[in-house]
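Any read-out appearing in this document is the output of simple, stated calculations on the displayed coordinates, not a laboratory observation. Computed from a prediction, not measured in an experiment: that's the story for all the values here. Counting neighbours? That spans all protein chains shown, and the Cβs are built from the backbone with ideal geometry, glycine included.
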Amino acid sequence: MDLGFLNIAGGIQYHLKALRFWKNAWVPFRLQLETWGMEWKPTSKTCVMVGPSGGYCTSDLWLKKFEHIVAWDPDPLAETFFSRIHPKTEVQWVRKDWLKAVKDSNFDRIKFLENQKLPLDTCFLFTNFLGQVEYIIPETSDEFLMKLPQFLRGACFLSFHDRLSSGLKLRRESAWISNARVESSILAQEYYLPDDPKRSRFGIRKQILEVEEHDLDALVAGLKEEIKSSYFYAPWQLRASRSQIIEGFYT
């Protein structure tokens, strides 16, 4: 039975949250993300969009770069909300598990695209998806992320994804564009205020204990030669008590 609408990485809880915040609290993050992503120059007019949900943070200007978009998301609510947010964008929906399809292809992108009857130069757009893999397949996420560079090597893709999550207050609201990938400890220090100065005499060590890291080190290491962009970082205030630091890069 398909329980995509209950997925811990999205589903109905995320939609309810998004409907409340995407037009107000999320606007600063959405605009910073959109501006950064406009520099991406896809090499194909066909795009596989992975994990789009309702497209709350996906820019219409990005989507206009493509003539054919195939969205993979098992959430049965995703198409309904996405079509409301992006009414002028035509999307072909695949309500299946993209992770399973990639594993079934033995991490062979050409085989995957041939099975889907898509052009071999198809681009990939990961919309806040890769940082959630550890929750979707917790027992095998490390192995999957280590093998994923094999699938993506030579492809045109863009990803924005969770790098850090915390309930700490933000000290910085602006985006940070870096020529090199920034270490998690430095990101935490740059973006989060210590919870309590009296308990923060150990500085960043104390703070890191209150910040959750979404570990994509193996994936990024495997794609180091593929990534041609600068690295994008920006805070996303999901709700009053929780924020994420989003990382982005593209080829």
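Scanning region 119-140 for residues that are hydrophobic (A, V, I, L, M, F, W, C) and farther than 22 Å from G55 by Cα, which turns out surrounded by the fewest Cβ atoms within 10 Å (Cβ to Cβ)?
Initial filter on region 119-140 (hydrophobic (A, V, I, L, M, F, W, C)): 120, 123-126, 129-130, 133, 136-137.
Next cut, farther than 22 Å from G55 by Cα only: 120, 137.
On the way: L120: 11, I137: 17.
Restricting to residues being hydrophobic (A, V, I, L, M, F, W, C) and farther than 22 Å from G55 by Cα, the top hit is L120.
With the requirement that a residue be of a type in the set (D, E, K, R) and closer than 22 Å to P138 by Cβ, what does region 96-120 give you? Walk me through how you get there before you give the answer.
Here is the first cut: in region 96-120, the ones of a type in the set (D, E, K, R) are 96-97, 100, 103-104, 108-109, 111, 114, 117.
Within region 96-120, K96, D97, K100, K103, D104 meet the criteria.
Based on this model, can you work out whether W62 counts as closer than 24 Å to I177 by Cβ and in contact with a Gly (Cβ under 6 Å, 6 or more places away or on another chain)? Explain how you work it out, then say what you get.
Numbers: closer than 24 Å to I177 by Cβ: yes; in contact with a Gly (Cβ under 6 Å, 6 or more places away or on another chain): yes.
So W62 passes the test.
Within region 31-61, which residues are over 17 Å from E247 (Cα atoms) and in contact with a strand residue (DSSP E or B) (Cβ under 8 Å, 6 or more places away or on another chain)?
P42, T43, S44, K45, T46, C47, V48, M49, S53, G55
Can you give me the number of residues within region 33-80 that are of a type in the set (S, T, N, Q), closer than 21 Å to Y231 by Cβ and buried (at least 22 other Cβ atoms within 10 Å of the Cβ)? Can you show your working first?
First, pick out the residues of region 33-80 that are of a type in the set (S, T, N, Q): 35, 43-44, 46, 53, 58-59, 80.
Pick out the ones that are also closer than 21 Å to Y231 by Cβ and you get 35, 43, 58-59.
Imposing the further condition that a residue be buried (at least 22 other Cβ atoms within 10 Å of the Cβ) reduces the set to 58.
Count: 1.
Kindly provide the set of residues from region 119-130 that are more than 19 Å from S59 (Cβ to Cβ) and touching a residue at least 24 places away in the same chain (Cβ under 8 Å), ordered by number. Even if it seems obvious, please write down each step before you answer.
Taking region 119-130 and keeping what is more than 19 Å from S59 (Cβ to Cβ), we get 119-122.
Answer for region 119-130, where residues must be more than 19 Å from S59 (Cβ to Cβ) and touching a residue at least 24 places away in the same chain (Cβ under 8 Å): P119, D121, T122.
Is there a residue in region 89-100 that is surrounded by 15 or more Cβ atoms within 10 Å (Cβ to Cβ), farther than 28 Å from E225 by Cβ and under 17 Å from the mean Cα position of the chain (by Cα)?
Yes: region 89-100 contains one or more residues that are surrounded by 15 or more Cβ atoms within 10 Å (Cβ to Cβ), farther than 28 Å from E225 by Cβ and under 17 Å from the mean Cα position of the chain (by Cα).
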